[in-house]
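Take a look at the structure below.
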Amino acid sequence: MTVFLQIINSCISSLPVIIGWLLDRLFGDPVSLPHPIVWFGKAIAAFEHRLNRGRHRKLKGGFTALFLIAAAWAATCLLLLATTQLDSWLALTMQAILVFYCLAGTTLVREVRQVFVVLDQSLEKGRLQVARIVGRDTTQLTDNEVRKAALETLAENLSDGVVAPLFWLCLLGVPGMVMYKMINTLDSMIAYRTARFKDFGCVAAVIDDVANFLPARLTALLMLLVVGRWQLLPFVWRNARNHLSPNSGYPEAALAGVLDCRFGGGHTYFNEYVEKPYIGTRERRLTIADAQVAIRINRRVEVVMILLSAAVVACISRYM
């Protein structure tokens, strides 16, 4: 009977992971509700506006990154502690909500699908649509560059928006997941190699590289697993190193290998041109069929990672 109760308790402990993911699949990012990631962005912007000037920008940027990461961790721990003391089911509900907020698979899939839809209407609409999900200047992109930008972002977001948050959930619980989202938000806002951000955002960039080192490689492996294309491993490991990021190249190379296409190349960021090497060798026109394949891969990897995470959380709960 005791073993049975332990199993039940373990299953209950994994419910927030499953429920949070199902909420993301159903609703995506809740536009009409307050969103912690939006609050993260506002806090980062406020610090950057006040501190990214004058001397010692690296020091001030490092302080900003470390302070906000620690604050995200501490605030989540305090919130979960308070809800646990009130009611255990309330604590589980809060965990599910936080998992929901930290996962970002569904919204980007919708955005990428929409890029390919509006491109059939006009190039200008495609440029405007893809600008919603990429940091580069999209005003001069060609039709195929818009398509590539969308699929590159989809592959990278599979790691940043799904696999990595769940990876840190398994290691450090829900506070670790929230902490990772702050790290990732810092990277997306200030970790650019431009004159404005190269000093202020350098510490945030290093922290993000460390946080994503294992998840990015795990993402690439899972992508090959769900399509059964292990023969692409040498291609992925060889081409991933062509990316300026030590991590983003892995999921992008995996998708480039599956689609037999070429990603990468230089683009403009914040009015500065950044030269980037290519990932893959075959330059070809991408189609809606390629987007559909990429989306199926994303969805399958999501399911595998959710099941793995739920199993890990249940095992930790049982043996702690």
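The values are calculated or read from the model by the stated rules, or taken from the named source; none is laboratory data. Bear in mind the structure is a predicted one, so any value in this text is a computation, not a measurement. So basically every Cβ, Gly included, is an ideal-geometry build from the backbone, and we count neighbours across all protein chains shown. Just so you know, the surface numbers come from the protein's heavy atoms only, side chains and all, with ligands and any DNA or RNA stripped out. Shrake-Rupley method; radii C 1.70, N 1.55, O 1.52, S 1.80 Å.
Counting only the Cα atoms, region 182-262 fills a convex hull of 93 Å³ per residue.
Exposed loop sites here are GluC sites (Glu not before Pro) assigned a DSSP state other than H, G, I, E or B and surrounded by at most 12 other beta carbons within 10 Å; excluding them, the longest clear run of the chain is 1-274.
Indicate the gyration tensor shape class of region 2-147 (rounded, prolate or oblate), computed on the Cα atoms with a ≥ b ≥ c the square roots of the eigenvalues: a/c under 1.5 is rounded; otherwise a/b larger than b/c is prolate and the rest oblate. It comes out oblate by the Cα gyration axes. Annotation for F27 and T281: the two label points, set 7 Å from Cα along the Cα-Cβ direction, are 4.9 nm apart. The C-alpha atoms of the chain define a longest principal axis, and helix 15-27 lies at about 40 degrees to it.
Within the straight-line cut-off of under 19 Å between alpha carbons, the lysines reachable from K125 are K148, sequence neighbours fewer than 8 places apart in one chain being disregarded. FRET efficiency for the pair D120 and Q140, taken as 1/(1 + (r/R0)^6) with r the Cβ-Cβ distance and R0 = 22 Å, rounds to 0.65.
Taking the Cα atoms of region 94-249, the ratio Rg/Rh between the radius of gyration and the Kirkwood radius comes to 0.98. At a probe size of 1.4 Å, how large is the accessible area of R217, to the nearest 10 Å²? Answer for R217: close to 40 Å² accessible.
Counting pairs of alpha carbon atoms under 8 Å apart in space and at least six apart in sequence, what relative contact order in percent does the chain give? This gives 23 percent for the chain. Between the helical axis of 202-227 and the longest alpha-carbon principal axis of the chain there is an angle of about 90 degrees.
Amide H contacts of I279: F263, G264, G265, each under 5 Å away and 5 or more positions distant or on a separate chain (H built 1.01 Å from N in the peptide plane; Pro and chain starts excluded). Across the chain, Cα-Cα pairs more than 28 Å apart make up 42 percent of the total.
Apolar share of the accessible surface for the chain: 64 percent from carbon plus sulfur atoms, 1.4 Å probe. Rolling a 1.4 Å probe over the protein chains gives T287 an accessible area of about 50 Å². Among S245, S188, S122, the residue with the largest mean-square fluctuation in a Gaussian network model of the chain, with springs joining Cα atoms closer than 10 Å, is S122. For region 163-174, putting each phi into the Karplus relation 6.51 cos²θ - 1.76 cosθ + 1.60 with θ = phi - 60° gives couplings of 5, 5, x, 6, 4, 6, 4, 5, 7, 10, x, 4 Hz, in residue order, rounded to whole numbers and with x for Gly and Pro. Taking all protein chains together and a 1.4 Å probe, the residues Y278, Y250 rank Y278, Y250 from largest to smallest accessible area. Taken about its Cα centre, the chain carries a charge dipole of about 460 debye when Lys and Arg each add +1 at the Cβ and Asp and Glu each add -1 at the Cβ.
For region 37-183, a crude dipole built from +1 on the beta carbon of Lys and Arg and -1 on the beta carbon of Asp and Glu, taken about the Cα centre, is about 640 debye to the nearest 20. Using +1 at the C-beta of Lys and Arg and -1 at the C-beta of Asp and Glu, which of A104, W89, V203 has the Cα lying farthest in the positive direction of the dipole of the chain? Going by the charge dipole, the pick is V203. Assuming charge only on the beta carbon of Lys and Arg (+1) and of Asp and Glu (-1), the dipole of region 16-79 about its Cα centre is about 560 debye to the nearest 20. Normalised per residue, the accessible area of the chain is 48 Å², obtained with a 1.4 Å probe and no contribution from ligands, DNA or RNA.
Dividing the summed -39500 (n - 2.57) terms of all DSSP H runs of n ≥ 4 by the residue count of the chain sets its mean residue ellipticity at 222 nm at -24000 deg cm²/dmol. Seen against the Cα atoms of the chain and their longest principal axis, helix 106-119 is set at about 20 degrees. Multiplying the residue separation of F67 and V210 by 0.36 nm and subtracting their alpha-carbon distance yields 49.8 nm. Relative to the current alpha-carbon distance between D87 and H56, full extension at 0.36 nm per residue lengthens the span by 6.5 nm. Near L259, once Lys and Arg are set to +1 and Asp and Glu to -1 for all other residues with Cβ below 13 Å from its Cβ, the sum equals +3.
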